[in-house]
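Undergrad: Take a look at the following structure, please.
The values are calculated or read from the model by the stated rules, or taken from the named source; none is laboratory data. What you see is a predicted model; the values in this text were computed from it and never measured. As a convention, Cβ positions derive from the backbone with ideal geometry for all residues, glycine included, and neighbour counts pool all protein chains shown.
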């Protein structure tokens, strides 16, 4: 997101990162409420409990677009598009997904630039 937004997110503490993303109208939410996983790979996810998507709709009524970070979360795209959201599955940002970083960033930037960069938000200190 730092690359896409042009913001130095790595320099921010957690609370600052949240505020910055929200100023850019970005929310981050996981499709799983809980799971067990040894390591960081999605393939290692076990006993996954899906989040209550209805709560997301209730708590974020202005939400219109959902970008999925990779194929694992993208499995839920059909449900969200069926609810009327604009959806898109983007390449996983995980280093385990071996697509070159520059290509990942370009795809994310293109998706994002189609609508959000024009908001003019900035998080620079």
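Undergrad: Could we say that residue 60 is closer than 27 Å to residue 109 by Cα, exposed (fewer than 15 other Cβ atoms within 10 Å of the Cβ) and touching a residue at least 40 places away in the same chain (Cβ under 8 Å) here?
TA: When the stated conditions are applied, residue 60 does not pass them.
Undergrad: In addition: Can you give me the number of residues within region 36-52 that are on the phi > 0 side of the Ramachandran plot and touching a residue at least 12 places away in the same chain (Cβ under 8 Å)?
TA: Here the count works out to 1.
Undergrad: I'd like to know if region 9-19 contains one or more residues that are free of Cβ contacts under 8 Å to residues at least 40 places away in the same chain, surrounded by 15 or more Cβ atoms within 10 Å (Cβ to Cβ), under 22 Å from residue 91 (Cα atoms) and in contact with a strand residue (DSSP E or B) (Cβ under 6 Å, 6 or more places away or on another chain).
TA: No, region 9-19 has no match at all.
Undergrad: Hand me the list of helices (runs of 4 or more DSSP H) wholly inside region 42-125 holding 1 or more residues that are under 25 Å from residue 14 (Cα atoms) and modelled with pLDDT under 90.
TA: 53-59, 101-113
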